[in-house]
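Working notes, structure below.
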Amino acid sequence: MSTETSIQTSAKPLGRDELAQLVARDIAPGSFVNLGIGQPTLVSNYLTEEQNITLHTENGMLGMGPAAEGEEIDGDLINAGKIPVTELPGASYFHHADSFAIMRGGHLDICVLGAFQVSATGDLANWHTGAPDAIPAVGGAMDLATGAKDVFVMMTLLTRDGTSKLVEACTYPLTGVGCVTRVYTDKAVFLTGPDGVTVRETFGCSFEEIQELVPLALKRAE
Amino acid sequence: MLNFIDTVGEAVAGIQDGSTVMIGGFGNAGQPFELIDALMECGAKDLTVVNNNAGQGDQGLALLIKEGRVRKMICSFPRQSDSWHFDAKFHAGEIELELVPQGNLAERIRAAGAGIGGFFTPTGYGTTLAEGKETRFLDGKWQVFETPIHADVALIKALKADRKGNLVYRKTARNFGPIMAAAAKHTVVQVSEIVPTGSLDPENVVTPGIYVNTVVRVGGLDTEKVA
């Protein structure tokens with residue numbers, strides 16, 4: 001019994017902020033990190049000064065600071081979500097080709113992205129629902145998925161109608177192939193890779209309950 | 001040949017129907033609004049426009065699209081909460097869209113300016129945006145062949161130019177400026193300030209004047225006259 005529940009680390013599923021806090025804690029000190037638009041942006045609220053993390057924004061900056069407020073707002077200083085931000089001491093600016101070379105060249109340690117689906121082998125679908133009348137818009141999603149050394153996904157485990165977003169094979173159009181290394185969800189953290197999917201820890205449920213929800217064979221963390 | 005011109009209208013006067021026009025900017029940062037307005041005024045149509053987005057709100061590129069001047073958009077992120085003019089044209093089948101991952105867009109523009117005939121990149125491999133393109137297994141990963149994007153004209157915004165056409169930018173407004181300046185046959189730059197030659201530190205010049213053809217000052221300071 002104890003081995004079956006040993007990886008449950010929270011009595012309840014995690015909220016968005018708790019999940020962001022967990023991701024922030026898992027980022028190694030000194031890392032260069034890109035946080036995607038939406039839920040991943042919350043991670044920046046929980047990075048500590050001691051961690052000495054440098055944030056990259058793909059429109060052309062390293063050393064991005066928190067969102068700008070009041071008189072700090074400057075139309076020439078925005079992030080990839082087009083939100084006014086601030087610069088920290090030691091920041092640098094560069095053009096778009098350099099910015100994506102930073103990504104594609106494997107210089108970023110971690111990027112954190114949202115997702116519609118992640119597959120058993122770490123394929124990512126997060127840019128397009130595939131609906132015939134939807135206007136496709138990709139932005140930097142494919143570049144981020146392909147370039148960073150580690151790609152962390154943050155999402156709820158289930159869709160609104162209760163279907164697992166962790167799937168055997170993505171049904172939504174792909175953003176990248178085999179690129180996701182970790183999936184942080186409200187109910188569990190999964191490690192993905194060529195050897196399959198391992199459950200690192202669960203929140204408010206057991207390994208068995210997670211296995212019931214996810215339609216692929218999961219492994220226990222050792 | 002480098003020209004300093006007094007009005008944005010004269011700066012864009014040579015743009016022909018059917019031209020490919022690169023427009024700098026990411027969101028509003030670095031977007032040369034006054035040059036785009038002038039392009040609208042000059043009446044050029046049947047344009048192919050290269051920009052990260054496809055216009056926002058009721059200004060700049062969005063108006064050019066609304067007025068039916070743009071035949072084709074090459075961009076990475078056309079759909080936004082306020083991209084209603086593009087959305088309408090797209091759903092009406094009145095505008096062509098070539099959707100390019102943002103880093104591939106940047107690198108294809110860079111390649112054009114750098115004389116590169118094409119390149120292999122891992123970005124997009126295995127996705128619908130790589131369909132029909134040549135792929136190779138190189139350097140340990142599958143990569144997709146991408147070709148350069150050239151342009152007849154680039155319209156960009158910088159902070160300052162000197163009389164040699166050397167440019168410096170401001171913060172994240174730099175974005176596509178330097179690579180578009182190099183990729184286009186004719187580069188038009190709007191700046192806030194024209195400064196005397198010699199007053200920009202050569203170590204800090206971002207776009208060397210060799211890439212620049214036309215400079216027009218919009219608002220801002222004329223420090224030459226002040227001095």
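Here are a few things to note about the model shown:
- Degrees separating the helix A:16-26 axis from the principal Cα axis of chain A, which is the longest one: 80
- Peptide B:166-178 - average C-beta neighbours from other chains (10 Å radius): 6
- Partner shielding of A:82-95 amounts to 3, given as the average count of beta-carbon atoms from other chains within 10 Å of each residue beta-carbon.
- Kirkwood-based shape ratio for the stretch B:51-152, expressed as Rg/Rh from alpha carbons: 1.04
- For chain A: rounded, prolate or oblate by the Cα gyration tensor [a/c cutoff 1.5]: prolate
- A helix-only calculation puts the protein assembly as shown at -5000 deg cm²/dmol for mean residue ellipticity at 222 nm, using -39500 (n - 2.57) for each DSSP H run of at least four residues, averaged over all residues.
- For the stretch B:198-214, putting each phi into the Karplus relation 6.51 cos²θ - 1.76 cosθ + 1.60 with θ = phi - 60° gives couplings of x, 8, 8, 5, x, 5, 9, 5, 9, 10, x, x, 4, 8, 10, 10, 9 Hz, in residue order, rounded to whole numbers and with x for Gly and Pro.
- Phi-based couplings in Hz for the stretch A:119-134 (Karplus 6.51, -1.76, 1.60; Gly and Pro marked x): 8, 4, 9, x, 5, 10, 10, 8, 10, 7, 7, x, 4, x, 9, 6
- Proximity of backbone amide H atoms, modeled 1.01 Å from N, is registered between residue A:205 and no other residue at under 5 Å, excluding neighbours fewer than 5 places apart on the same chain.
- Taking 0.36 nm per residue of separation and subtracting the current Cα-Cα distance, fully stretching the chain between residue A:10 and residue A:211 would add 70.6 nm.
- Residue ranges B:94-106, B:194-206, B:37-49, A:34-46 sort as B:94-106, A:34-46, B:37-49, B:194-206 when ordered by packing (mean number of other C-beta atoms within 10 Å per residue, highest first).
- Approximating the spin labels as points 7 Å out from Cα along Cα→Cβ, the residue B:88-to-residue A:133 distance works out to 1.7 nm.
- For the peptide A:72-78, the mean number of other protein chain Cβ atoms found within 10 angstrom of a residue's Cβ is 6.
- Measure of compaction for chain B (Cα Rg per 2.2 N^0.38 Å): 1.04
- Computed Kirkwood radius, in angstrom, where 1/r is averaged over Cα pairs of the stretch B:1-86: 13.0
- In terms of packing, defined here as the mean over residues of other Cβ atoms within 10 angstrom, the peptides B:111-117, B:71-77 line up highest first as B:71-77, B:111-117.
- Reference-scaled alpha-carbon Rg (2.2 N^0.38 Å with N residues) for the protein assembly as shown: 1.04
- Segment residue B:163-residue B:142, extension gain: residue separation times 0.36 nm, minus the distance between their alpha carbons: 2.9 nm
- Cross-link partners of residue B:185 among aspartates and glutamates, defined as those whose alpha carbon lies under 19 angstrom from its own and excluding same-chain residues fewer than eight positions apart: B:10, B:17, B:46, B:107, B:152.
- Extended-chain gain in nm, criterion 0.36 nm per residue less alpha-carbon gap, residue A:92 and residue A:28: 20.9 nm
- Couplings 3J(HN,Hα) of the stretch A:212-219, computed from phi: 5, 7, 9, x, 8, 6, 9, 10 Hz, in residue order, whole Hz [Karplus 6.51 cos²θ - 1.76 cosθ + 1.60, θ = phi - 60°; x for Gly and Pro].
- Among the listed pairs A:187/B:133; A:165/B:171; A:82/B:66; A:82/B:45; A:187/B:89, those with a Cα-Cα distance over 32 Å are A:187/B:133; A:165/B:171; A:187/B:89.
Readers should treat all values here as calculations from the given coordinates under stated rules, not as data from a laboratory. All figures in this text were calculated on a predicted structure; none of them were measured in a lab. Every residue, glycine as well, gets a Cβ built from its backbone with ideal geometry; the counts of neighbours run over all protein chains shown.
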